[in-house]
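The structure under discussion appears below in the form of structure tokens.
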Amino acid sequence: MALNLSDKFISPYKIDEIIHALRNTDFHLERAKSKNLKKIDFEKTNQNQLQISRQIDFDIPVSAQKFVSNPISLVELWTFESNQKIAIKVSIPNIQTEVEASMALKSEDNKTSILVETVVVSKIFLMSSFAEEFVSKYWKKSLQKDFEILNDWIKS
């Protein structure tokens, strides 16, 4: 199963300010606090990569509770390919699902537009409905909240 999503966000801040915040582990800790966080670890694998390992509690649908339980583990790998492009890979081993996202940043009228293209792939057929629910309840909601936190973080 694969699910494709596209989201666009507008930030009043410059690309450099956004990239600086996204590279900052304190920012990622702040965004993690908005979720049901159990544990978080950071590892800078190289100058252009940041790995974030988290455990969260998630509202698991009744139909999936026999296959997976809380906490859900997530490993995010942020690759800063350039000042205008970031690749994000989120692995969710508990449900054998991966989220691959590409963030394209573009200056527009003293603002920055951020286009997020996402592909969600679940390797377990029985978990496909859970993966869809994960995306609709967690990923999209999380993106919206993360961009609110990002703008507030840069503002402060």
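Any read-out appearing in this document is the output of simple, stated calculations on the displayed coordinates, not a laboratory observation. On a predicted model such as this, the values are computed, not experimentally measured, just so you know. Note: ideal-geometry Cβ built from the backbone for every residue, glycine included; neighbour counts use all protein chains shown.
Ignoring everything except DSSP H segments at least 4 long, calculate the 222 nm mean residue ellipticity for the chain; use -39,500 (n - 2.57) per segment, divide by total residues, nearest 500. The partial results should precede the final answer.
Numbers: 4 runs with 39 residues, N = 156.
Mean residue ellipticity at 222 nm (helix-derived): -7500 deg cm²/dmol.
Using +1 at the C-beta of Lys and Arg and -1 at the C-beta of Asp and Glu, which of Pro93, Ser142, Pro61 has the Cα lying farthest in the positive direction of the dipole of the chain?
Pro61
Only Lys, Arg, Asp and Glu count, each charged at its Cβ (+1, +1, -1, -1), so figure out the dipole size of the chain about its Cα centre, rounded to 20 debye.
Values: 21 positive and 21 negative charges, 48 e Å.
Value, rounded to 20: 240 debye.
What ranking do Thr112, Thr25 get, fewest neighbouring Cβ atoms within 10 angstrom at the top?
Going from sparsest to densest Cβ surroundings: Thr25, Thr112.
Which lysines, if any, have their Cα less than 26 Å from the Cα of Lys8, not counting same-chain residues under 8 positions apart?
Lys33, Lys35, Lys85, Lys89, Lys106, Lys111, Lys137, Lys140, Lys141, Lys145, Lys155
Find how much the distance from Ile15 to Ser91 grows on full extension, using 0.36 nm per residue of separation minus their present alpha carbon separation; answer in nm with one decimal.
Working: separation 76, 0.36 × 76 = 27.36 nm, distance 2.66 nm.
Difference between extended and current length: 24.7 nm.
Under a Cβ-only charge scheme (Lys and Arg +1, Asp and Glu -1), can you give me the dipole magnitude of segment 1-70 about the Cα centre, in debye to the nearest 20?
Values: 11 positive and 9 negative charges, 30 e Å.
The dipole magnitude comes to about 140 debye.
Quick one: grab Rg to one decimal and Dmax as a whole number for segment 1-115, Cα atoms only, in Å.
15.7, 50
With each label point set 7 Å from Cα along the Cα-Cβ vector, what nm distance links Gln47 and Gln65?
That separation, rounded to one decimal, is 5.1 nm.
Considering only DSSP beta bridges whose two residues both sit in segment 2-155, what percent are antiparallel, to the nearest 5?
Values: 51 of 51 bridges.
Roughly 100 percent of the DSSP beta bridges within segment 2-155 come out antiparallel.
Pop the C-beta distance of Ala2 and Thr25 into the FRET formula with R0 = 41 Å and round what comes out to the nearest 0.05. Show your work: numbers first, answer last.
Details: r = 31 Å, r/R0 = 0.75.
The formula returns an efficiency of 0.85 here.
Can you sort Ile86, Ile114 from fewest to most other Cβ atoms within 10 Å of each residue's own Cβ?
Numbers: Ile86 23, Ile114 20.
By the 10 Å Cβ count, ascending: Ile114, Ile86.
Taking the Cα centre of each part, how many Å lie between segment 64-97 and segment 5-53?
Here the answer is 13 Å between Cα centres.
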